[in-house]
1. Is the chain rounded, prolate or oblate when judged by the Cα gyration tensor, a ≥ b ≥ c being the square roots of its eigenvalues, rounded requiring a/c under 1.5 and prolate requiring a/b larger than b/c?
2. What length, rounded to one decimal in nm, is gained on full extension from Lys308 through to Asn290, with 0.36 nm per residue of separation minus their alpha-carbon distance?
3. Specify whether the C-alpha gyration tensor of region 224-273 places it in the rounded, prolate or oblate class, a ≥ b ≥ c being the square roots of the eigenvalues: rounded for a/c under 1.5, otherwise prolate if a/b is larger than b/c and oblate if not.
4. Skipping prolines and chain starts, which residues have an amide H placed within reach, meaning under 5 Å, of the one on Asn107, given they are 5 or more residues away or on another chain?
5. What FRET efficiency, computed as 1/(1 + (r/R0)^6) with R0 = 45 Å and r the Cβ-Cβ distance, is obtained for Asn162 and Ser326, rounded to the nearest 0.05?
6. Can you classify region 350-456 as rounded, prolate or oblate using the Cα gyration tensor, where a ≥ b ≥ c are the square roots of its eigenvalues, rounded means a/c under 1.5, and otherwise it's prolate if a/b beats b/c and oblate if not?
7. By how many nm would the segment from Ser465 to Lys444 lengthen if fully extended, with 0.36 nm per residue of separation less the alpha-carbon distance?
8. Which length gain, in nm to one decimal place, applies between Lys261 and Lys206 when the Cα-Cα distance is subtracted from 0.36 nm times their residue separation?
Amino acid sequence: MENTSFGRRTLLTGSLAAAALVPLASCATGGGSSSPKASAGASSADNPFGMATSGTIDAVIFNGGYKTDYVDFAGTQLTKKFPGVTVKVSPSTQIAQELQPRFVGGNPPDIVDNSGAGAIGMSTIVDQLEDLTSVLNANNYEGKKISDTVFESAIKAAGTYNGKLAAMNYAMTVYAFWYSASLFKANNWTPPKTWAEALDLGAKAKAAGKYLLLFGKEAASYYLTTLIASAIMEGGDDVRKNFESLKPDCYSQPTVVAAFKGLEAIIKAGYMKPGGSGTQFTAAQAQWSNGQEALLYPSGGWIENEMKSQTKADFQMTGANEFTISSSPKMPAGSLHAEAGEPFIVPSKGKNVPGGKEVLRAMLSKDAATNFATTRLALTVVKGAAPAESAMSTALKSQSDLLTKAGDNTFSWKFITYYGLNKENLVVMNSFLEGQMSADDARKGLQAIVDKAAADTSKPKLQVS
């Protein structure tokens, strides 16, 4: 499970609802504030950030769908260049809970993968983070300027907050509805393009003893992501801007209402597998990828790697565009919710800030990016680092095909992660998907969460463009 604008339980009482209200727990990750900062080294072409050539780099990495060993690989590449340096990779599944106390205490890690449902809202820490433009301006380990070797516009669009490149997003994430190409071929099914077509496919799924969709409690907001994407594709970029600006009626926009009604019809028809609000998300995903109890599942491109040990043989996992509302949406055909995801941040008060940036330099080199694509079955922001097409899985090839088809017509949004809304959104979405809340009431609940963020004057508001 990755950082999601694809946004978040048991029936929304009990432990989940409580979790949304409880203060962050005390830090579970080490690091005393009394330790001195690492001594800076001399800057050079080979050491552009002036990292000390001995010591430790403290990296806390989200242990989700991509796991953490791809950062270990980059750390090994770094250590080959700087034998006196150790990259300490600490996996975490609760970034905010473990690290917010360290930010407050002034002793954060040197680099953080601020991802997952428990990521720290960027609005609360953006002023405490390094501007990472210097990383783009540095040379990678192959001696080429990093900005020339990456999808720079995607990186800046995803990681720039109020003029600062505060996050270096690493994975080129494609959001899609995923399905088994072999199962669809065997049944002569076609991936739906609209919510109406999805409803029709739901009837066919039911006749075959299957559900159309299912969900798990921690990933219920994956459906919010696909609803927002559907509304933006149908209504155009103004729909996105209204969300980003926290407009008091952003969840009442006509295309948003229509998208919610489209999913509600599927739920009311009984085509959504019940019980997801009490099911751990990877267990629910296994019901789809291994048990084939449902035909479709919305997720980012991390899904193949996340479920590779729990996917039926010859499943042929493939991604299809998220649904539009009509057959003639405002955005061009093939438009795609895709973004540079998996945001890495370098706290300014880390003990080894140059080391944090050096880890990013290592990760953005071709060897590390190719290792990620090969082992994580997902693309990175580094151009030309994917395996040959003949070596691609069906899921990875479909991501590449969707990106190629979309061309410049890709879009994304930041308001959920920036304001840290995912945890509260999850409560609403679990009730909605479980059939315990109407589409209209779900939109009202989500709007209340947005309105609360809009009224909070303690955080700087996101500049919208």
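Just so it is clear, none of the values below were taken in a lab; they were calculated from the coordinates. For clarity, every value in this text was computed on a predicted model and none was experimentally measured. Using ideal geometry, Cβ is built from the backbone for each residue, glycine included, and neighbour counts are taken over all protein chains shown.
1. Details: a/c = 1.79, a/b = 1.46, b/c = 1.23.
The shape class here is prolate.
2. Working: separation 18, 0.36 × 18 = 6.48 nm, distance 0.96 nm.
Full extension from Lys308 to Asn290 adds 5.5 nm.
3. Numbers: a/c = 2.62, a/b = 2.31, b/c = 1.14.
Cα axes put region 224-273 in the prolate bin.
4. none
5. Numbers: r = 35 Å, r/R0 = 0.79.
Working from the Cβ atoms, E equals 0.80.
6. Working: a/c = 2.80, a/b = 1.58, b/c = 1.77.
Judged from the Cα gyration tensor, region 350-456 comes out oblate (a/c at least 1.5, b/c at or above a/b).
7. Numbers: separation 21, 0.36 × 21 = 7.56 nm, distance 2.56 nm.
Gain on stretching Ser465 to Lys444: 5.0 nm.
8. The span from Lys261 to Lys206 would gain 17.8 nm if fully extended.
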